[in-house]
Amino acid sequence: MDSILVKGNGPLNGQIPIAGAKNACLALMPATLLSEEPLTLTNAPRLSDIKTMTELLQSLGAEVSSLQDGQVQALSSHNIDNHVADYEIVRKMRASNLVLGPMLARLGQAVVSLPGGCAIGARPMDLHIHGLEALGAEIELKDGYLHAKAPRGLKGAVIELSFASVGATENIMMAATLAKGTTVIKNAAREPEIVDLADCLRKMGAHIDGAGTSDITIEGVDRLHGATHPVVTDRIELGTYMLAPVIAGGEVELLGGRLDLVGAFVEKLNEAGVDVLETKAGLKVKRRADRVKAVNVTTEPFPGFPTDLQAQMMALMCTADGTSVLEEKIFENRFMHAPELIRMGAKIDVQGGHATVTGVDRLKGAPVMATDLRASVSLILAGLAAEGETIVNRVYHLDRGYEQVVRKFSGVGAQIERIKGS
């Protein structure tokens with residue numbers, strides 16, 4: 001099994017290109033199922049999760065071609081000959097459940113395996129099911145699969161989500177594009193990935209208003225057509241690499257970075273003593289002093305502080321001046337990186353959904369183990385600020401959400417390498 005070796009060696013300087021958003025692309029790819037005409041996605045990230053979604057769509061009969069070194073995904077669903085999303089594929093990635101809404105809308109039926117749990121907490125399907133049932137779907141759970149059908153087609157409805165779930169909003173929105181009449185999703189997720197999906201669906205002929213707000217209105221149409229759409233910048237990759245010069249020192253420009261994608265995160269960086277400046281090409285980041293100030297963080301749905309940047313922020317707080325409290329309100333069990341940071345000399349006390357971090361002068365390199373995607377990159381960031389060598393094990397998590405991570409870090413001066421396992 002591969003590992004990553006990081007040597008803390010001082011300031012970072014240069015530019016890091018930011019890829020298209022993983023979570024946006026994983027919702028955009030199933031949108032191909034809504035139309036017989038081709039869908040082309042540009043600025044696609046080159047990640048293992050994208051390969052898994054490709055495998056799933058191909059198993060349903062879609063044609064998927066990866067072009068231009070993986071940065072263009074050409075999809076066509078003119079000949080869908082299977083409506084069963086098999087467990088062996090779905091179990092690899094939770095976003096696989098996003099084929100449910102599109103297949104129901106276009107084919108009138110879908111059988112989709114339950115994706116199961118997750119290392120950072122359970123993310124149940126009940127909001128997806130209730131929303132699609134409100135549109136007229138009949139859904140039954142049998143042998144670990146959701147058997148869904150809409151024999152009389154889908155009809156518009158007013159659907160109020162009990163939680164602003166991104167996945168449920170995406171599934172319902174895609175299904176509603178081909179439903180008869182008007183659908184209103186209340187307490188909808190407001191993430192940029194929702195806006196990006198709505199933009200793509202509109203290019204395909206959908207009538208959608210309010211994406212990016214708590215109320216999304218969809219007027220159903222008879223059919224959707226093909227389109228070409230660029231995947232939005234990955235705000236989580238952006239935030240992650242913004243922290244590199246803050247932790248290690250130096251100044252780095254993030255190519256393609258946008259302030260509107262990371263507003264709450266930038267507010268916390270400013271509070272900690274970090275300058276974030278807009279440039280013609282993106283964002284430039286530099287800390288004001290040798291040591292940042294401790295700040296408190298509470299994760300919230302967008303536009304609040306992202307849960308997917310909590311682990312990385314904790315790595316920064318480990319060497320901050322003072323004591324910070326990080327509160328996790330989105331997923332339970334999302335402090336599994338804390339014991340690994342403690343192995344590197346961090347002072348962290350976890351009590352339920354709160355982690356109290358007292359900054360130390362310097363972390364020390366150690367062998368550590370990645371427990372999930374964001375935890376893995378937080379340990380790499382910590383290694384940049386540590387004395388000596390840090391070896392991050394189980395980095396297969398990393399490949400799901402960060403493309404060419406060694407190349408991007410080393411491109412700004414980090415001493416980092418991937419060590420192939422036996």
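Nothing in this text is a laboratory measurement; each read-out follows from the coordinates by a stated rule. Treat the numbers as computed from the prediction; the structure is a model and nothing was measured. Here the Cβ is made from the backbone with ideal geometry for all residues, glycine too, and neighbour counts use every protein chain on show.
Laid out as a table, the results:
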{"item": "Reciprocal of mean inverse Cα separation for the chain (Kirkwood radius, Å)", "result": "22.0"}
{"item": "Highest-fluctuation residue, G345, G181, G167 considered, GNM on the chain with Cα pairs under 10 Å", "result": "G181"}
{"item": "Charge dipole of region 22-230 about the Cα centre (unit charges at C-beta), most positive-ward option of M93, P230, G61", "result": "M93"}
{"item": "Most fluctuating residue given options G156, G304, G131, as computed from a GNM of the chain linking Cα atoms under 10 Å", "result": "G304"}
{"item": "Degrees separating the helix 373-384 axis from the principal Cα axis of the chain, which is the longest one", "result": "20"}
{"item": "Whichever aspartates and glutamates have a C-alpha closer than 14 Å to that of K364, once near sequence neighbours (fewer than 8 apart) are set aside", "result": "E340, E387, E389"}
{"item": "Environment charge of L363, counting only residues whose C-beta is closer than 14 Å and scoring Lys/Arg +1, Asp/Glu -1", "result": "+2"}
{"item": "DSSP-loop trypsin sites (Lys or Arg not before Pro) across region 157-250, with at most 16 other Cβ within 10 angstrom", "result": "R223"}
{"item": "10 Å-binned pair-distance histogram of region 159-224 (Cα, whole percent)", "result": "25, 60, 14"}
{"item": "The chain, dipole about Cα centre (Lys/Arg Cβ +1, Asp/Glu Cβ -1), debye to the nearest 20", "result": "600"}
{"item": "Most positive-pole-ward Cα, F335, N43, L197, against dipole of the chain from beta carbon charges", "result": "F335"}
{"item": "Region 239-373, relative contact order in percent, only Cα pairs under 8 angstrom and at least six apart counted", "result": "20"}
{"item": "Gyration tensor (alpha-carbon) shape descriptor, region 1-50, a/c threshold 1.5", "result": "prolate"}
{"item": "Computed helical MRE - 222 nm, the chain, DSSP H runs ≥ 4 contributing -39500 (n - 2.57), nearest 500", "result": "-8000 deg cm²/dmol"}
{"item": "Dipole in debye (nearest 20) - region 22-230, about Cα centre, beta carbon charges: Lys, Arg +1; Asp, Glu -1", "result": "100"}
{"item": "For region 301-422, alpha-carbon Rg over 2.2 N^0.38 Å", "result": "1.03"}
{"item": "Fraction of beta bridges assigned by DSSP in region 22-230 that are antiparallel (%, nearest 5)", "result": "70"}
{"item": "Distant alpha-carbon pairs in region 22-230 (separation over 31 angstrom), percent", "result": "8"}
{"item": "Counting all C-alpha pairs of region 1-120, share separated by more than 23 Å (%)", "result": "37"}
{"item": "For the chain, built as a Gaussian network whose Cα springs stay under 10 Å, the top-fluctuating residue of L398, L326, L67", "result": "L67"}
{"item": "Along principal axes, Cα extents of region 176-298, largest first, whole Å", "result": "60, 30, 17"}
{"item": "Options A164, H130, V111, ranked by Cα towards positive dipole end of the chain, top entry (Cβ charges)", "result": "A164"}
{"item": "Whole-Å semi-axes of region 99-210's equivalent ellipsoid (Cα gyration tensor)", "result": "21, 18, 12"}
{"item": "Bridge type composition, the chain - antiparallel percent by DSSP, nearest 5", "result": "70"}
{"item": "Cα-based radius of gyration of region 189-245 once divided by 2.2 N^0.38 Å, which approximates compact folds", "result": "1.40"}
{"item": "Relative frequency of Cα-Cα separations exceeding 12 Å in region 31-82, percent", "result": "60"}
{"item": "Net length gained if the chain between R362 and T182 were fully extended (0.36 nm per residue, minus Cα distance)", "result": "59.1 nm"}
